[in-house]
Amino acid sequence: MLALIRQHRAEAHAEEVLTGQTPGAAAAAGFRRLLADPDHRVVLAVVPGANAAAPGSRTETAVGLAVLGIDPLSVLLGVPQVTVDNLVVHREHRRQGTGAVLLAAAAAYAEENGAAHVVAAVGGHEAERQRFLARMGFAPLTTRRIASLETLARSLSSWQRSWLPVPPQRRPAPGARRRGVPPLRSATASG
């Protein structure tokens, strides 16, 4: 399973952006936390392993992974949506139905939770995954952006420093004419 996660992170170029660590360094601990989280379901697609032909052997090889959850805002709005936060299929097992099987698990999870929609996260640079989801009926929804806490804090600090106090509006001196504005004329009864 960790090999699939590492493959996904490498393809998405996300590991160092997300963790600041080299690929795989945080995956094992994070995956254990994810498996224990009751708000998520990890779905694994497996095929018989290399040693499965041996009598009595029941090894399996993981070839696909999906991390499912329920979008909290959608629950507050009364329209729950299932999220597919990670959908990864081993490159040697693509175009063999593994992705469709994982999405079928997402659809079943949606039915279990009364959700009418499934939302899949995919990076803008992941063309193959984008095409697959489009073939499965997914439409573009939103763009998500990421920033490290350090970068966000620096940007917020800069933004706050740029708040300049607005000078109080000055009244024009009596009889002074503002540039470009004709003097007001009073209307007369004969006017």
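The values are calculated or read from the model by the stated rules, or taken from the named source; none is laboratory data. Computed from a prediction, not measured in an experiment: that's the story for all the values here. A quick note on method: Cβ atoms are made from the backbone with ideal geometry, for glycine too, and the neighbour counts reach across all protein chains shown. Remember, those area values only see protein heavy atoms, side chains included, never the ligands or the DNA or RNA. Shrake-Rupley method; radii C 1.70, N 1.55, O 1.52, S 1.80 Å.
If you go through the range 134-143 one residue at a time, do you hit one that is basic (K, R), within 30 Å of A121 (Cα to Cα) and part of a loop (DSSP other than H, G, I, E, B)?
The initial filter retains those residues of the range 134-143 that are basic (K, R), namely 135.
Now drop any that are not within 30 Å of A121 (Cα to Cα), which leaves 135.
Now narrow it down to the ones that are part of a loop (DSSP other than H, G, I, E, B): none.
No, there is no match, as no residue in the range 134-143 is basic (K, R), within 30 Å of A121 (Cα to Cα) and part of a loop (DSSP other than H, G, I, E, B).
Do we find that G69 is within 25 Å of L35 (Cα to Cα), in contact with a Phe, Trp or Tyr (Cβ under 8 Å, 6 or more places away or on another chain), open to solvent by less than 40 Å² (accessible area, probe 1.4 Å) and modelled with pLDDT of 80 or more in this structure?
On the way: within 25 Å of L35 (Cα to Cα): yes; in contact with a Phe, Trp or Tyr (Cβ under 8 Å, 6 or more places away or on another chain): no; open to solvent by less than 40 Å² (accessible area, probe 1.4 Å): yes; modelled with pLDDT of 80 or more: yes.
No; evaluated as a whole, the condition is false for this residue.
Could you please give the count of residues in the range 97-144 that are open to solvent by 90 Å² or more (accessible area, probe 1.4 Å), farther than 23 Å from D39 by Cα and among the charged types (D, E, K, R)?
Within the range 97-144, residues that are open to solvent by 90 Å² or more (accessible area, probe 1.4 Å), farther than 23 Å from D39 by Cα and among the charged types (D, E, K, R) number 2.
Looking only at the range 31-50, which residues are surrounded by 14 or more Cβ atoms within 10 Å (Cβ to Cβ) and not in a strand (DSSP E or B)?
F31, L34, G49
Mind counting the residues in the range 145-172 that are surrounded by fewer than 10 Cβ atoms within 10 Å (Cβ to Cβ) and either farther than 30 Å from D71 by Cβ or at pLDDT 85 or above (or both)? Walk me through it before giving the result.
Quick first cut of the range 145-172, residues surrounded by fewer than 10 Cβ atoms within 10 Å (Cβ to Cβ) only: 145-146, 149-150, 158-172.
Adding the requirement that they be either farther than 30 Å from D71 by Cβ or at pLDDT 85 or above (or both) leaves 149-150, 158, 160-172.
Qualifying residue count, the range 145-172: 16.
Within the range 128-143, which residues are under 14 Å from the mean Cα position of the chain (by Cα) and over 18 Å from V89 (Cα atoms)?
Scanning the range 128-143 gives P140, L141, T142, T143.
If you go through the range 97-141 one residue at a time, how many are touching a residue at least 24 places away in the same chain (Cβ under 8 Å) and of a type in the set (D, E, K, R)?
3
Determine if the range 97-113 includes at least one residue that is outside any loop (DSSP other than H, G, I, E, B), farther than 15 Å from G64 by Cβ, at pLDDT below 85 and over 22 Å from the mean Cα position of the chain (by Cα).
Scanning the range 97-113 turns up no residue that is outside any loop (DSSP other than H, G, I, E, B), farther than 15 Å from G64 by Cβ, at pLDDT below 85 and over 22 Å from the mean Cα position of the chain (by Cα).
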